[in-house]
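Visitor: Take this structure first; my questions come after.
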Amino acid sequence: MKSKSEEELFGINKNVFFLGLMSLFTDISSQMIFPLVPLFLSNVLGAGKGIIGLIEGVAESTASLLKVFSGWLSDKMGRRKFLIFGGYGFSAVSKVIFALSTIWQHILVGRFLDRVGKGVRTSPRDALIADSISRQRRGGYFGFHRMMDSLGGIIGTLLAYFFLSQFRSDYRQVFLIAIAPAVVAVLFILKVKEKRPLPEGIQRFPLKAFRLVDKRFKLFIAISLLFSLGNFSFAFFILKAEEVGVAVSLIPLVWLVYNIAFAVSATPMGALSDRVGRKKVLALGFALFGVVSLGFLLTGRPLYVWVLFAIYGVFMAVFESVSRAFASDLGRPEIRGTALGIYHTTVGLAAFPANAIAGLLWRSWGSLAIFSYGAGLGFVSSLLLFFTIKEENTPTQEF
């Protein structure tokens with residue numbers, strides 16, 4: 001049931017619509033740049049693999065650590081819009097640095113600033129989406145937002161390919177063009193409206209706020225952590241695809257299949273969680289990751305890789321949308337930003353050991369070990385989520 005306080009445009013909540021456009025244009029810009037950054041570092045700036053790994057490690061760790069603090073700060077301030085604007089603004093400035101860079105240290109600064117932006121904006125933005133939508137519709141709208149983000153990735157990837165071909169692999173020309181959509185994204189903040197002030201007096205430092213959430217949220221975080229320890233990077237699936245015989249020239253198209261599956265399924269899977277419950281759909285998502293891992297474990301034919309990447313896209317659509325809605329449901333409105341920050345930081349920090357373990361398993365025992373590991377944690381996490389967390393049957397209206 002829709003609340004009267006939910007202003008709409010084209011039948012879509014205005015805040016979510018414009019936040020979706022911000023993500024769409026930011027991801028168009030990002031995907032025109034980031035897939036090319038390793039090549040730019042190696043082929044133009046002469047950076048080694050160790051430097052490239054250092055840059056990526058610093059960037060991702062920064063984003064994960066900031067998400068919990070930005071969420072908490074948005075709760076404490078009772079305002080989210082300023083942090084969202086700052087986050088997207090940092091990312092836009094980083095695109096200028098990429099275009100003007102002449103040494104690898106410039107790229108390090110650019111990646112760091114971009115991830116600062118992501119860390120600053122993510123939790124307040126997700127909290128504002130949750131604030132703007134009644135609980136009964138939250139899953140579908142988180143799915144819509146993730147769809148817009150994924151659609152931006154598809155458009156950005158295609159534009160990068162087009163412009164790189166036009167400019168004969170002149171990376172800086174592509175980086176310069178990518179500044180435009182990043183700037184456009186920031187302007188949409190003018191259309192986003194802050195929700196009513198949040199209750200004052202109970203916002204606590206993140207670790208103290210964790211004590212204010214109920215046991216279901218803590219259990220959800222524990223299960224998400226367990227799952228995330230097995231949710232290794234897509235890079236390992238790419239390596240396996242090459243191992244079973246997919247031509248290197250077709251890898252971008254395989255990745256495009258993943259992005260299309262993500263974009264197409266994000267909104268329907270989020271809406272499904274509104275109807276049948278978050279727990280069931282997210283447990284299905286965890287199980288799908290197990291299926292994908294098991295599929296890569298057993299397959300030896302390139303044709304199956306395309307199907308598995310499509311399923312992987314559906315899994316990511318569930319994981320990216322329904323988990324955010326579930327964390328929003330389980331966190332009280334006055335500490336929702338903090339709750340989402342705790343979730344994002346937990347999942348983000350788990351990515352480092354997950355990929356370290358996966359790399360060690362592959363190096364020591366081959367792909368059989370890594371995909372067995374991923375399948376096992378995927379199925380176990382699915383069962384734990386389904387049987388241990390009690391979900392409310394009839395969500396209450398929050399407006």
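Just so it is clear, none of the values below were taken in a lab; they were calculated from the coordinates. Keep in mind the model is a prediction, meaning the values are calculated, not measured. Don't worry about glycine lacking a Cβ; one is built from the backbone with ideal geometry, like all the others, and counts go over all protein chains shown.
Visitor: Just from its helices, what would the mean residue ellipticity at 222 nm be for the chain, if runs of 4 or more DSSP H residues each count -39500 (n - 2.57) and the sum is divided by every residue, rounded to the nearest 500 deg cm²/dmol?
Guide: Dividing the helical sum by the residues of the chain leaves -26000 deg cm²/dmol.
Visitor: On a full-extension model of 0.36 nm per residue, what is the gain between residue 158 and residue 275, subtracting their alpha-carbon distance, rounded to one decimal in nm?
Guide: 38.6 nm
Visitor: For the peptides 314-322, 20-28, 336-344, 231-239, what is the packing order when you average, over each peptide's residues, the other Cβ atoms within 10 Å and list the highest mean first?
Guide: Averaged packing, sorted descending, gives the order 336-344, 314-322, 20-28, 231-239.
Visitor: Calculate, in nm to one decimal, what residue 222 and residue 194 gain on full extension: separation in residues at 0.36 nm each, minus their alpha carbon distance.
Guide: Taking residue 222 through residue 194 to full extension adds about 6.9 nm, to one decimal.
Visitor: Using θ = phi - 60° and the Karplus relation 6.51 cos²θ - 1.76 cosθ + 1.60, list the HN-Hα couplings for the stretch 373-385 in order, rounded to whole Hz, with x at every Gly or Pro.
Guide: The phi angles translate into 4, x, 5, x, 5, x, 5, 5, 4, 4, 5, 4, 4 Hz.
Visitor: Shifting gears a bit: Assuming R0 = 45 Å, what is the FRET efficiency of residue 352 and residue 303, from their Cβ-Cβ distance, to the nearest 0.05? Kindly include the intermediate steps, with their values, before the conclusion.
Guide: Values: r = 34 Å, r/R0 = 0.75.
That pair, residue 352 with residue 303, gives E of 0.85.
Visitor: Bin width 10 Å, alpha-carbon pairs only: give the P(r) of the chain as whole percents, running from 0 to the bin holding the largest distance.
Guide: P(r) for the chain, in whole percents per bin: 5, 22, 34, 27, 10, 1.
Visitor: Taking the highest mean first, how do the peptides 7-13, 110-116 order by number of other beta carbon atoms within 10 angstrom per residue?
Guide: Ranked from most to least packed, the peptides come out as 110-116, 7-13.
Visitor: If I model a spin label as a point 7 Å beyond the Cα along the Cα-Cβ vector, how far apart are those points for residue 44 and residue 109 in nm?
Guide: Modelled inter-label distance: 1.6 nm.
Visitor: With a 10 Å cut-off between alpha carbons and a GNM built on the chain, which of 332, 301, 137 moves the most?
Guide: Judging by the Gaussian network model, the answer is 301.
Visitor: Return the whole-Å distance between the Cα centroid of the stretch 64-129 and the Cα centroid of the stretch 217-245.
Guide: Using only Cα atoms to place each centre, the spacing works out to 25 Å.
Visitor: Name the most mobile residue of 31, 166, 136, meaning the one with the largest mean-square fluctuation, in a Gaussian network model of the chain with Cα contacts below 10 Å.
Guide: 166
Visitor: For the chain, modelled as a Gaussian network with Cα springs under 10 Å, which listed residue fluctuates most, 108, 303, 176?
Guide: Sorting by GNM fluctuation, first place goes to 303.
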